[in-house]
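Student: Mind having a look at this structure? Questions to follow.
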Amino acid sequence: MRRARILIVDDEPGMLRAVERVLSEQHDVVGTRLSREALATATEFHPDLAIVDIRMPDLDGFELMAQLKARFPGIKFVTYDVFGNVHGPQQRAIVADVPKLLKQHGCDAVISAIGA
């Protein structure tokens, strides 16, 4: 089975690093904190899957997904907006739960569906 190419877009650095760390063990992963930067990165990376935070400061996740879908018709998406800001005393607990949260948001099923 080949490694999936996964683009992660999240403006929260703690969450971005945590998701990258969890998924990079078995997949090729690139993360970015800005939606517009994600568009440029995707052009070179050609992701199979994009994990997108809906609430982004520069271009919301829905618009980002529309633009990615137009450029990469086969791309799959997993979206979330439930994590919120990852700061303060809750940060460690949330980051520790990243594998469980990714599973709840369908990452395993989507990765399997793309044949990776």
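The values are calculated or read from the model by the stated rules, or taken from the named source; none is laboratory data. Please read all numbers here as calculations on a predicted model, not as lab measurements. Cβ: placed from backbone, ideal geometry, glycine included. Neighbour counts: every protein chain shown.
Student: Got a number for residues in segment 21-39 being surrounded by fewer than 17 Cβ atoms within 10 Å (Cβ to Cβ), more than 12 Å from Ile6 (Cβ to Cβ) and over 12 Å from the mean Cα position of the chain (by Cα)?
Tutor: Qualifying residue count, segment 21-39: 2.
Student: Still on this structure: Only residues that are part of a loop (DSSP other than H, G, I, E, B), farther than 27 Å from Pro73 by Cβ and in contact (Cβ under 8 Å) with a residue 24 or more places away in the chain: list them for segment 10-43, please.
Tutor: Glu12
Student: Which is farther than 19 Å from Arg2 by Cβ and within 15 Å of the chain's Cα centre (by Cα), of Ala42, Ala70, Ala50, Ala18?
Tutor: Ala18
Student: While we're looking at this one, here's another question. Can you pull out the residues in segment 23-38 that are of a type in the set (Ser, Thr, Tyr) and either modelled with pLDDT of 95 or more or in contact with a strand residue (DSSP E or B) (Cβ under 7 Å, 6 or more places away or on another chain) (or both)?
Tutor: Those that are of a type in the set (Ser, Thr, Tyr) and either modelled with pLDDT of 95 or more or in contact with a strand residue (DSSP E or B) (Cβ under 7 Å, 6 or more places away or on another chain) (or both): Thr32, Ser35.
Student: Test each condition in (1) surrounded by 14 or more Cβ atoms within 10 Å (Cβ to Cβ); (2) of a type in the set (Gly, Ala, Ser); (3) modelled with pLDDT of 85 or more for Gly74 and report the one that comes out false.
Tutor: (1)
Student: Can you tell me which condition Met56 does not meet? The list is (1) of a type in the set (A, V, I, L, M); (2) at pLDDT 85 or above; (3) outside any helix (DSSP H, G or I); (4) surrounded by fewer than 20 Cβ atoms within 10 Å (Cβ to Cβ), and all the others hold.
Tutor: (4)
Student: Being hydrophobic (A, V, I, L, M, F, W, C) and either assigned to a strand (DSSP E or B) or touching a helix residue (DSSP H, G or I) at 6+ places or on another chain (Cβ under 8 Å) (or both) is the filter here, so list the residues in segment 59-81 that pass it.
Tutor: Hits for segment 59-81 are Leu59, Leu64, Leu68, Phe72, Ile75, Phe77, Val78.
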